[in-house]
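All remarks here apply to the structure that follows.
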Amino acid sequence: MKKTVLYILFISSFFSLVSQTKIPAMFRWQDKYATKNIHKYVKCDTLINTSNAVIHLHYSKDNTKPYLLMLHGMGANARTNWGSQIKELSKHFNLILPDLIYFGESTSASNNYSIELQVEQIHEALVKLGVTSKINVMGFSYGGLTAAMYNQLHHQDIIKLIIIDGPVKFYSGQLADSLANLVGVKTIKNVIVPPTISDFDGMKKAVMSRDFPATKKLKRKIITHFFMPTKTIRDAQMDYLFERQSIYQGYSYNIDKTPTLLIWGEKDGAVPVSVGNNLHNEFPNTTQLLVFPKAKHDAHFRESKKVNQAIINFLK
């Protein structure tokens, strides 16, 4: 039962678990479970004021372990996105799990929706946290692009990079919308934040490799309490990226200089495996590509044991 509810709330993709609306009991339980889970393995939890944001993050400080910065996907906060990784990876690494700006408990009054803002404010937070050694960086989906941008801007501080289903370099608004059309949704923005039950069903087809039973009533609750409160900001973030896609496509992200593990679901309907293939072909000397045939936009959840071991093997 616990895993079913976690799967509903994690993969319904991209939702925010913090809302001012009255949250149904099942979802309050899920967030309580996710919070208890992360505090069991990552002991420290703080808010850090940076120049343009307040960054909420969970972290560990053990001098015997290397650091691993873990950047979550569009809409989910850190504790939910990485629920299947925290226990195993905490055995080997000092985990740093920030909520990205405009997600979870991280905020900014800047109305700046750039990936660069995410990177610079997180970097400032790590400096204030006292992290002085080099780190490993891993990101999923939107967090994968953020991880790549971190390597673009602070390559000298990074040991290795991991991108999981990330819209990096070979992704565009046209490609994204064409994928949405394949599942009966007009635009990728309505996959990320589905406003209707029809869009919600399309989102499930695009990103979930395992279905779950959901009545129309449950779908409406998910849409009302998790998707719609975030839609304005999520749409603005997506618009920002696609308006500047030629700039983001032009970066190398220093992948040619950094050992990089690419992890993809072969059936991903949000960020297709072709993006991973193209990254690997563009940077064959520094990248490894690991593809899970049965996964969609959920490889680190569906294949968590294999993904966790691959991460450990790559970084160790």
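Just so it is clear, none of the values below were taken in a lab; they were calculated from the coordinates. Predicted model only: the values in this text are computed from it and were never measured. Here Cβ is always computed from backbone atoms with ideal geometry, including for glycine, and neighbour counts include all displayed protein chains.
Summing -39500 (n - 2.57) over the DSSP H runs of n ≥ 4 in the chain and dividing by its residue number, what mean residue ellipticity at 222 nm do you reach, to the nearest 500 deg cm²/dmol?
Result for the chain: -12500 deg cm²/dmol, rounded to the nearest 500.
Can you list the residues, at least 5 places off or on another chain, whose amide H is less than 5 Å from the amide H of Ala295, using H built in the peptide plane?
Glu266, Lys267
Restricting the count to DSSP beta bridges whose residues both fall in region 2-315, what percent are antiparallel, rounded to a multiple of 5? Don't jump to the answer; show the numbers that get you there.
On the way: 10 of 33 bridges.
Within region 2-315, antiparallel bridges account for around 30 percent of the total.
Hydropathy first: keep DSSP H helices in the chain averaging at least -0.5 on Kyte-Doolittle, then drop any whose Cα extent along the axis falls short of 18 Å, and list what survives.
115-129
Determine by what factor the alpha-carbon radius of gyration of region 204-316 differs from 2.2 N^0.38 Å, reporting the quotient.
Cα-based Rg divided by the globular estimate yields 1.29.
Highest mean first, how do 98-104, 233-239, 292-298, 264-270 rank when packing is the count of other Cβ atoms within 10 Å averaged over residues? Write down the numbers at each step before the final one.
Numbers: 98-104: 26.9, 233-239: 18.0, 292-298: 21.6, 264-270: 23.1.
In decreasing order of mean packing, 98-104, 233-239, 292-298, 264-270 become 98-104, 264-270, 292-298, 233-239.
Can you tell me how region 44-86 classifies by the Cα gyration tensor, rounded, prolate or oblate, using a/c under 1.5 as the rounded cut?
Values: a/c = 2.14, a/b = 1.09, b/c = 1.96.
Taking the square roots of the gyration eigenvalues as a ≥ b ≥ c, region 44-86 is oblate.
Through the Karplus equation 6.51 cos²θ - 1.76 cosθ + 1.60, θ set to phi - 60°, convert the phi angles of region 212-227 into ³J(HN,Hα) values in whole Hz; use x for Gly and Pro.
Residue by residue, region 212-227 yields 9, x, 9, 6, 4, 4, 5, 4, 4, 5, 4, 4, 5, 8, 10, 7 Hz.
Strictly greater than 21 Å: what percent of every Cα pair in region 250-316 meets that?
On the way: 561 of 2211 pairs.
In whole percent, the long-distance tail amounts to 25.
Kirkwood-based Rg over Rh for region 2-315 (C-alpha set), two decimals?
The Rg/Rh ratio comes out at 0.93.
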